[in-house]
Amino acid sequence: MRPAAPPRAAEDDQAGALPSPGAAEDPYAASRATANAAMDRYAAGDDGAFEALYDALAPRLRHYLLRQVKDGNRADDLLQQTMLQIHTARGRFLAGAEVVPWAFAIARRLTIDSYRRRKHDAVLDDGPAASSTSSGPAADDLLHAKRMAAQVERELARLPESQRVAFELVKQEGLSLREAAQVLGTTVTAIKLRAHRAYVALRAALGDAADLR
Amino acid sequence: MSSAQELKSRILEAARQQPAPPRQQIRRRVALTLATAVVVPVAAFLAVGAIRPGPRPLSLVLATSGGALGIALAAVWTAYGRGGQMLGRARSRLVAMTIAAPATFVIWKLAWSSRYHMTDDWATRPGLRCFALTVLLAAWPFLALASLRRASDPTHPRTLGAALGVATGTCAAVLVDLWCPVGHPRHLVFGHVLPIVILGLVGLWVGHRVLALRRKP
């Protein structure tokens, strides 16, 4: 088994150039470490580690996929495809590599392929993703949050593809800048720039009412 | 059972029904394939006559081929290596290598040939044989490296394919440089660099068709 893992992702790149208070603390650090350890075991031949890998990856992947396709069944189908791609390629997994950006990149590619096959589908409809607001707040707050979420989605859709995707991965899916750079096959600097431009554009479009954190 | 648990059970069961080889088994296959990627072109090179210095002094042969070897190794390291990440190197780095490798190769060769006054035109050697030999020597290594990366790249398969084509073409050009004494610019561009560029273009297509990650039926 691999000894202590090298520093896979610089956690300090989470915040980067984005002015988002609190982003320096990575809420996904534990699940990232669990996923990396499980993937290493699975690549080494421990078949039982796939379940631990699933538990560490699937919730985040499904959240991402649901945001993209706005359809629970399609999201489940894409999640299954993503996990099976990881399973099939387990022997090629590099010791010490990061599994999260790889998994997100696979999910993103499969989503794009899925869209290409189903171009007739409406992309922006009111799907289950819109109902992800937590329960508890008053009706007015809930309504305001829903409206704001819809407005953010509309403004996001207007952004250039490169900026929108960078913003979604970093700010909405919680990937570090380095992970997002890997997912999109580009550099950390480019991701910083794209996400920051998206952030500025959203701030300008939504005004003070928006809380982009 | 909740839908989340059903989904998990379904995926775990699907994985159980599709056995996937672990890392140890893949390593053996990779080592064997990489070995053939070196042995096959070297054997072909020996079969066509191996090193032919011609009128070139040994120091010129060593300088041009040594530099070209360095460029080729850097190209292979950039294109095939993944920098410790599953998603490989950034697109910009692959593109930079794809452009820089053939350009640096021809500049290096021309610079040393000029220094030794070996840039005369050889009317009987337009570069057709060098062109064919470069493509021939690069073919198997390119296929071998592409097969090792088959259906695995979810981010930039075309760029990776082009980079692999250029890298293997540059490796073949090192052997052709040992074989060909001509240093005339037109010959070098047509016989030594153009095949590298063509391999890069073929790599774009191979990247899209072979290297790109695909949804399983």
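The values are calculated or read from the model by the stated rules, or taken from the named source; none is laboratory data. The structure presented is a predicted model; accordingly, all values stated were derived computationally and were not measured. Don't worry about glycine lacking a Cβ; one is built from the backbone with ideal geometry, like all the others, and counts go over all protein chains shown. Only protein heavy atoms, including side chains, enter the accessible area calculation; ligands, DNA and RNA are left aside. Shrake-Rupley method; radii C 1.70, N 1.55, O 1.52, S 1.80 Å.
A few points about this structure:
- On the beta carbon distance between B:Ile51 and B:Gln25, with R0 = 56 Å, the FRET formula returns roughly 0.90.
- A full extension of the chain between B:Asp120 and B:Ile107 corresponds to an added length of 3.1 nm, given 0.36 nm per residue minus the alpha carbon distance.
- For the stretch A:28-104, convex hull of alpha carbons as volume per residue, Å³: 77 Å³
- Karplus (6.51, -1.76, 1.60) ³J(HN,Hα), θ = phi - 60°, over the stretch A:167-184, in Hz, Gly and Pro reported as x: 4, 4, 5, 7, 8, 9, 9, x, 6, 6, 4, 5, 5, 5, 4, 5, 4, 9
- Residue order for A:Arg67, A:Arg32, B:Arg27 - accessible surface, 1.4 angstrom probe, largest first: B:Arg27, A:Arg67, A:Arg32
- Note on exposure: A:Glu98, A:Glu155 ranked by accessible area (1.4 Å probe, complete protein assembly) read A:Glu155, A:Glu98, with the most exposed listed first.
- The interface between chain B and chain A buries about 3500 Å² of solvent-accessible area in total (1.4 Å probe, ligands and nucleic acids excluded).
- Across the alpha-carbon set of chain B, the Rg to Rh ratio works out to 1.11, Rh being the Kirkwood radius.
- Taking all protein chains together and rolling a 1.4 Å probe, B:Ser9 ends up with roughly 50 Å² accessible.
- When the alpha-carbon atoms of the protein assembly as shown are used, the pair Rg, Dmax equals 25.6, 89 angstrom.
- Projecting the Cα atoms of A:Ser114, B:Leu178, A:Ala75 onto the dipole axis of the protein assembly as shown, where Lys and Arg carry +1 and Asp and Glu carry -1 at the beta carbon, places B:Leu178 farthest toward the positive end.
- Computed about the Cα centre, the dipole magnitude for the protein assembly as shown is approximately 1420 debye when only Lys and Arg (+1) and Asp and Glu (-1) carry charge, each at its Cβ.
- Residue pairs exceeding 20 angstrom between C-alpha atoms, taken from A:Lys146/B:Lys8; A:Lys146/A:Lys171; A:Lys70/A:Lys171; A:Lys70/A:Lys192: A:Lys146/B:Lys8; A:Lys70/A:Lys192.
- Largest-first ordering by accessible area, 1.4 Å probe, given options A:Leu175, B:Leu178: B:Leu178, A:Leu175
- Estimated from helices alone, the mean residue ellipticity of chain B at 222 nm is -23000 deg cm²/dmol (sum of -39500 (n - 2.57) over DSSP H runs with n ≥ 4, per residue).
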